[in-house]
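As structure tokens, the structure follows; a few thoughts come after it.
What follows is calculated from the coordinates using simple rules that are stated; it is not laboratory data. As the structure is a computational prediction, the values presented were derived from the model and not from experiment. Here Cβ is always computed from backbone atoms with ideal geometry, including for glycine, and neighbour counts include all displayed protein chains.
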Amino acid sequence: MSPKPLEPLARKLVKGVIVAELLGVFGAYALYLGMNHSQDFRSTMNRRFPSVLEVYYQSNEWAGVHGIRESDRKAWSANQD
């Protein structure tokens, strides 16, 4: 029998997938924190990636945090006047 030559490659691939997933999770958390702490950042996200901001609003509403969307719209409409 030949030694298992694919085993080291498989381990490297699994480690790479785990690292990529962790980077994705931490990146999403950093994005959430940025949107959670800064209304200006949410305004930028509204202009550039409105679907991401919508997910932020929905996740907060599902968690029971209401009023962020309304306060943002109120502040942004006041800035336009």
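Of all residues in the stretch 31-47, those satisfying the criterion of being under 14 Å from Ala75 (Cα atoms) and polar (S, T, N, Q) are Ser38, Gln39, Ser43, Thr44, Asn46.
Rundown of residues vs (1) in a helix (DSSP H, G or I); (2) closer than 24 Å to Gln80 by Cβ; (3) hydrophobic (A, V, I, L, M, F, W, C), yes/no style:
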site: Val17; (1), (2), (3): yes, no, yes
site: Leu31; (1), (2), (3): yes, no, yes
site: Asn36; (1), (2), (3): yes, yes, no
site: Arg47; (1), (2), (3): yes, yes, no
site: Glu54; (1), (2), (3): yes, yes, no
site: Ser59; (1), (2), (3): yes, no, no
site: Val65; (1), (2), (3): no, no, yes
